[in-house]
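Right, one structure below, let's go through it.
The values are calculated or read from the model by the stated rules, or taken from the named source; none is laboratory data. Not measured: the values here are computed from a predicted model. Virtual Cβ from ideal backbone geometry, glycine too; neighbours counted across all protein chains shown. The accessibility values were calculated without ligands, DNA or RNA, using every heavy atom of the protein model including side chains. Shrake-Rupley method; radii C 1.70, N 1.55, O 1.52, S 1.80 Å.
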Amino acid sequence: MPAPLPPDTIVYAHGDFRPLAQASYALEERGVLFADGVYEVVRYDRGKPFALKPHADRLANSLDGIDLPGLDADEVADLSNELVKRAGHDHCKVYWQVTRGDLGPRDFLIQTPTDFKPNLTLIAYPTPPLQRDATALPPSGGAIIVEDCRWTKCWIKSLMLQPASLAKTAAHKAGAVEAIFEREKPGTTESHITEGSSTNVFIVRDGQLLTHPNDGWVLPGITRDVLLDAAQNELGLPFAEQTFTAADLKAADEVFVCSTTQLTAITSVHGQPIGDGQPGPITTAVNKAYTERILAD
Ligand code: PMP
């Protein structure tokens, strides 16, 4: 288990910067009672944020998606930068969380007071520096495929993470690093791979990258977008945003998953090797392009 943050860690909570020990949640906070909130995770390398604006824009979309007013996402981005400066971190992930706060006794009905202010929390978690050798093989591991039992608005980066957390835990119990969701969408007769419990999924088939379209059934991943842009503009790799099945995934030449934290080569699924069971050349090239983007930013 990761070590807890020291109590004097500077966080943003209750409208200002303060030590962690002086921040707490009300028992009737709607984030706790109803998972009524949304979040972002932004990576910082050498004290600088990566893809800050896309994260702020996605936060604004998520806030709209749950009808949570009263917060300017660009101001959250500024506060995040300020937190990293005050904390003095070179390398960290900053967790942004916006919840509807304490609106009194537990009630399904949302009644927003006129002077409403959402509850914004920012926590910076130190991370190891990025592996600077861009030619290094990406981290790798196995995956399992599980039913995607989440809601239908996966484009919202919601705090309702229980299905994802249970799936990730099942993967770890099986000796794998990620659980990949599979779902039969309404109106279809076939299940498709959507995304990972905390990642977007790519397969490589005949030299082409495939990933699920941004049609609401997956989170529009910031890393996903960066990789598609790199595929198009740097690597000259053909790609398609198109659905694929579990059978396609198992038969793929290469599989990888990606998130703000890292790109991970998936080298087996339920213990069956993907390709030759090693991170493949396209996965390695994409990881190199991603690393270089972060280092160049
Ligand atoms: N899909 C899901 C379900 C996620 O939770 C995440 C990361 N939080 C991602 C995809 C990857 O998104 P990003 O690249 O923006 O970190």
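Below, the figures for the structure above:
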read-out: Qualifying positions in the stretch 35-53 - more than 16 Å from the ligand (Cβ to nearest atom) and surrounded by fewer than 17 Cβ atoms within 10 Å (Cβ to Cβ); value: Arg46, Gly47, Lys48
read-out: Residues satisfying the stated conditions in the stretch 210-251, i.e. among the aliphatic types (A, V, I, L, M), under 22 Å from Cys154 (Cβ atoms) and part of a loop (DSSP other than H, G, I, E, B); value: Val218, Leu219
read-out: Candidates Leu59, Leu68, filtered to the one that is part of a loop (DSSP other than H, G, I, E, B) and modelled with pLDDT of 95 or more; value: Leu68
read-out: Contacts under 6 angstrom Cβ, first residue in the stretch 61-74 being under 16 Å from Ile110 (Cβ atoms), partner assigned to a loop (DSSP other than H, G, I, E, B) and open to solvent by 60 Å² or more (accessible area, probe 1.4 Å), 6 or more apart; value: Gly70/Lys117
read-out: Filter result for Val76 (within 18 Å of the chain's Cα centre (by Cα) and within 14 Å of the ligand (Cβ to nearest atom)); value: no
read-out: The stretch 240-275, subset within 16 Å of the ligand (Cβ to nearest atom) and open to solvent by 10 Å² or more (accessible area, probe 1.4 Å), residue nearest to Val42 (Cα to Cα); value: Thr260
read-out: Residues of the stretch 133-172 classified as in a loop (DSSP other than H, G, I, E, B), among the basic types (Lys, Arg) and either within 30 Å of Pro281 (Cα to Cα) or more than 17 Å from the chain's Cα centre (by Cα) (or both), total; value: 0
read-out: Residues that are surrounded by fewer than 20 Cβ atoms within 10 Å (Cβ to Cβ) and touching a residue at least 40 places away in the same chain (Cβ under 8 Å), drawn from the stretch 176-187; value: Glu182
read-out: Qualifying residue in the stretch 188-207 (condition: among the polar types (S, T, N, Q), part of a strand (DSSP E or B) and over 24 Å from Arg58 (Cβ atoms)); value: no
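Every residue, every condition in (1) surrounded by 17 or more Cβ atoms within 10 Å (Cβ to Cβ); (2) among the acidic types (Asp, Glu); (3) more than 13 Å from the ligand (Cβ to nearest atom), yes or no:
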position	(1), (2), (3)
Asp107	no, yes, yes
Gln111	no, no, yes
Gly142	yes, no, yes
Lys157	yes, no, no
Ala164	yes, no, no
His172	no, no, yes
